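The next block holds one structure in the form of structure tokens; read it before the comments.
The values are calculated or read from the model by the stated rules, or taken from the named source; none is laboratory data. Because the structure is predicted, anything quoted here is derived from the model rather than measured. As a convention, Cβ positions derive from the backbone with ideal geometry for all residues, glycine included, and neighbour counts pool all protein chains shown.
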Amino acid sequence: MTIKVAEGVADTLYSLLKQEVSSSRLARFGFYLIRRAVRKVWRQLDYSEYGGALLLGVNGVVVIGHGRSNARAISNAIDLTCRFIRDNVLGKISREISQLEGTFKELQYV
């Protein structure tokens, strides 16, 4: 749910910025000066840049993509899935959860 809200905010900000930039020559010039920084920020907010998110709670690597994913987003989701498998993310998460369970058991006896 939080991801959906963040995506909505990013889309709204992009639309508002686009509208304001086109409102005057001064705004267009200002945007021209900061366009690289805006592109970097937009890439960080763009869902297609990441492709998807890891679905937790299943015994396997499952990446959930956005419902309106384009070819770039799907390609990035496949790359993300391959990285999760290559880097053994599932094993790392399992080990961390096991360690946390041990910590919680120790705390119960204190």
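Of all residues assigned to the range 9-20, none qualifies as being aliphatic (A, V, I, L, M), touching a Gly at 6+ places or on another chain (Cβ under 9 Å) and not assigned by TED's automatic domain parsing to the domain that holds GLY67. Within the range 50-85, being at pLDDT 85 or above, closer than 30 Å to LEU16 by Cα, within 15 Å of the chain's Cα centre (by Cα) and in a helix (DSSP H, G or I) holds for ARG72, ALA73, ILE74, SER75, ASN76, ALA77. ARG25 passes every criterion in (1) farther than 26 Å from LYS92 by Cβ; (2) in contact with a Leu (Cβ under 9 Å, 6 or more places away or on another chain) apart from (2).
Scanning the range 71-84 for residues that are exposed (fewer than 12 other Cβ atoms within 10 Å of the Cβ) and in contact (Cβ under 8 Å) with a residue 12 or more places away in the chain turns up nothing. Output the residue which, of all residues in the range 45-63 that are without any contact (Cβ under 8 Å) to a residue 12 or more places away in the chain and surrounded by 10 or more Cβ atoms within 10 Å (Cβ to Cβ), is nearest to ILE78 (Cα to Cα). Step by step, filter the range 45-63, then rank; the result is VAL62.
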